[in-house]
Amino acid sequence: MMYLMAGEELRTFTSTTARTAAPSEPRETEPREPEAGKGGDPETGGTAARAWTIRLLVVGIVLAALNLRPAITSLGPLLEEVRTDLAMSGSVAGLLTSVPPLCFAVFGVTAPRLARRFGAGAVVCAGMVAIGAGLLIRPFTGGTAGFLAASALALMGIAVSNVLMPVIVKQWFPDRVGSMTGLYSMALALGTAAAAAVTVPLTEALGGNWRSGLALWAALAVAAVLPWIPFTGKRGAPPAERTPAPGGPSPAGAPAPEVRITRSRTAWALAVFFGLQATVAYITMGWMPQIFRDAGVPASTAGLLLAFIMVMGVPLAFVIPRLATRLPRQGPIVLVLGVSGLVGYAGLYFAPAAGALVWVLLLGIANCAFPLALTMVGMRARSGAGVAKLSAFAQSTGYLISIPGPLLVGVLYQHSGGWGLPLALLAGLMIPQTIAGVLAGRDRTVEDEAAAR
């Protein structure tokens with residue numbers, strides 16, 4: 001289904017770029033591309049070149065999104081084998097599940113500066129290279145420290161790509177933020193689910209060696225490098241964004257008014273919402289298979305249940321951003337996601353195996369707070385520069401907030417001997433997450449708040 005939707009988006013974007021607007025009536029719905037190294041005559045192939053640029057960019061966005069979670073969700077179903085082979089305690093395993101948000105916070109904040117210096121396309125391309133290298137190296141390091149270091153390399157690539165994807169969408173598709181965020185989020189959810197679902201079967205097919213099963217995901221990152229190579233020499237925003245339309249508002253990529261993002265209440269609400277949903281998501285990706293395995297579910301089935309949670313994000317990650325952009329306030333969506341999470345965790349406590357399908361269905365709905373948060377990043381700022389600041393702040397601050405969660409779950413699990421306290425923590429986090437999401441979903445932008453001050 002993702003490929004059908006992606007094909008529909010490609011046809012729409014191609015047909016849109018093929019039309020040439022009159023100079024007095026610029027078309028704001030046209031996707032925009034960065035400056036090419038050599039100009040071409042628009043009457044002799046320029047339209048076709050623009051169409052292929054857009055096609056290549058959409059393919060690159062989809063492939064990059066597919067690579068933003070397998071480094072994490074491929075590990076969850078094999079965590080017990082990795083712990084045994086590398087002699088990890090429960091607390092160290094909890095630290096391992098805390099590494100992703102730590103890397104996202106530390107490296108994500110550097111993404112806007114790197115993009116200004118080298119270009120967003122070059123940074124994303126380098127990110128895909130880092131992901132592939134880290135995934136290929138980490139299973140064969142021979143110890144916990146090396147495993148963590150190689151994981152950090154892959155997560156560094158994920159971190160910068162995480163931050164720059166909303167920026168790229170805002171710059172190139174300013175009037176299709178919902179559609180493109182939905183496509184990107186859907187691909188991300190598909191990659192997340194696929195890694196959770198097929199890692200154990202692939203490992204068994206390769207002789208039961210968890211190292212080979214984890215290393216296979218490096219191939220997907222290598223494939224994602226290719227479509228970004230043509231964009232590595234292009235810096236800055238698309239040229240159409242640099243000059244405001246006569247008599248019109250500032251375009252999406254124009255320099256934003258000076259915004260002190262740390263003084264924006266909306267930015268802080270969005271950062272808290274992002275951080276709490278990330279906390280829950282990384283606890284889920286790191287520990288959910290173990291919860292089911294401790295309830296008597298086989299390892300392969302536990303991996304499939306985690307995959308089912310992530311698979312729910314494939315259709316919903318396409319629908320929710322499109323719905324969110326049609327609503328002035330996103331609070332009602334936040335409430336639905338929060339209630340789903342509360343019921344899901346309660347059910348997981350009382351009947352983890354018997355009602356497994358119902359609970360993972362509800363948790364899959366709750367897990368879609370991530371594409372909603374990404375969409376709100378694009379909606380809560382009016383310019384590309386504003387989105388870059390907000391994306392870096394919300395994601396870096398949010399991931400800092402999420403760091404203690406997975407580690408705390410590991411400690412609670414080890415010292416309590418069960419999942420009662422960890423599940424109570426997860427359910428409790430849904431309440432402040434919902435409150436912060438409602439506040440972040442109000443109809444305002446960070447530029448408006450700066451102007452009001």
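Is it the case that the range 290-310 has a residue that's of a type in the set (Phe, Trp, Tyr) and open to solvent by less than 10 Å² (accessible area, probe 1.4 Å)? Before you say what the answer is, go through the steps one by one.
Taking the range 290-310 first, the residues of a type in the set (Phe, Trp, Tyr) are 292, 308.
Going one step further and asking which of them are open to solvent by less than 10 Å² (accessible area, probe 1.4 Å), we end up with 292.
Scanning the range 290-310 turns up at least one residue that is of a type in the set (Phe, Trp, Tyr) and open to solvent by less than 10 Å² (accessible area, probe 1.4 Å).
From 229, 168, which residue is open to solvent by 20 Å² or more (accessible area, probe 1.4 Å), modelled with pLDDT of 80 or more and either assigned to a helix (DSSP H, G or I) or in contact with a Gly (Cβ under 9 Å, 6 or more places away or on another chain) (or both)? Steps first, answer last, please.
Details: 168 fails: open to solvent by 20 Å² or more (accessible area, probe 1.4 Å).
Matching residue, one of 229, 168: 229.
Report those helices (runs of 4 or more DSSP H) wholly inside the range 344-453 carrying at least 3 residues which are farther than 28 Å from residue 115 by Cβ. Walk me through it before giving the result.
Details: elements: 356-366, 369-379, 384-402, 404-416, 420-440, 446-452.
Per the criteria, 356-366, 404-416, 420-440.
Kindly indicate which of 149, 105 is over 21 Å from the mean Cα position of the chain (by Cα), modelled with pLDDT under 90 and either of a type in the set (D, E, K, R) or surrounded by fewer than 24 Cβ atoms within 10 Å (Cβ to Cβ) (or both). Lay out the reasoning, then the answer.
Values: 105 fails: over 21 Å from the mean Cα position of the chain (by Cα).
Only one candidate qualifies: 149.
Could you check residue 234 against (1) closer than 19 Å to residue 64 by Cβ; (2) at pLDDT 85 or above and say which number it fails?
Condition not satisfied by residue 234: (2).
Give the residues of the range 190-199 that are among the hydrophobic types (A, V, I, L, M, F, W, C) and open to solvent by less than 10 Å² (accessible area, probe 1.4 Å), sorted by residue number.
Initially, the range 190-199 is screened for residues among the hydrophobic types (A, V, I, L, M, F, W, C), giving 190, 193-198.
Those that are among the hydrophobic types (A, V, I, L, M, F, W, C) and open to solvent by less than 10 Å² (accessible area, probe 1.4 Å): 193, 195, 196.
Could you say whether any residue in the range 176-189 is at pLDDT below 85, open to solvent by 10 Å² or more (accessible area, probe 1.4 Å) and more than 17 Å from the chain's Cα centre (by Cα)?
There is at least one residue in the range 176-189 that is at pLDDT below 85, open to solvent by 10 Å² or more (accessible area, probe 1.4 Å) and more than 17 Å from the chain's Cα centre (by Cα).
Residues are listed down the side, and each one gets a yes or a no for (1) open to solvent by less than 30 Å² (accessible area, probe 1.4 Å); (2) at pLDDT below 50; (3) in contact with a strand residue (DSSP E or B) (Cβ under 9 Å, 6 or more places away or on another chain):
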residue: 23; (1), (2), (3): no, yes, no
residue: 40; (1), (2), (3): no, yes, no
residue: 56; (1), (2), (3): no, no, no
residue: 68; (1), (2), (3): yes, no, no
residue: 90; (1), (2), (3): yes, no, no
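Name the single residue that is farthest from the chain's Cα centre (by Cα) among those in the range 204-218 being without any contact (Cβ under 8 Å) to a residue 40 or more places away in the chain and in a loop (DSSP other than H, G, I, E, B).
Result: 207.
Check 129, 99, 106 and return the single one that is part of a helix (DSSP H, G or I) and either under 21 Å from residue 233 (Cα atoms) or of a type in the set (Ser, Thr, Tyr) (or both).
Numbers: 99 fails: either under 21 Å from residue 233 (Cα atoms) or of a type in the set (Ser, Thr, Tyr) (or both); 106 fails: either under 21 Å from residue 233 (Cα atoms) or of a type in the set (Ser, Thr, Tyr) (or both).
The conditions single out 129.
The values are calculated or read from the model by the stated rules, or taken from the named source; none is laboratory data. Just so you know, these numbers come straight off a predicted model, no measurement behind them. In this analysis, Cβ positions are derived from the backbone assuming ideal geometry, glycine residues included, and neighbour counts consider all displayed protein chains. When the accessible area is computed, the model is the full protein with side chains, heavy atoms only, and any ligands, DNA or RNA have been set aside. Shrake-Rupley method; radii C 1.70, N 1.55, O 1.52, S 1.80 Å.
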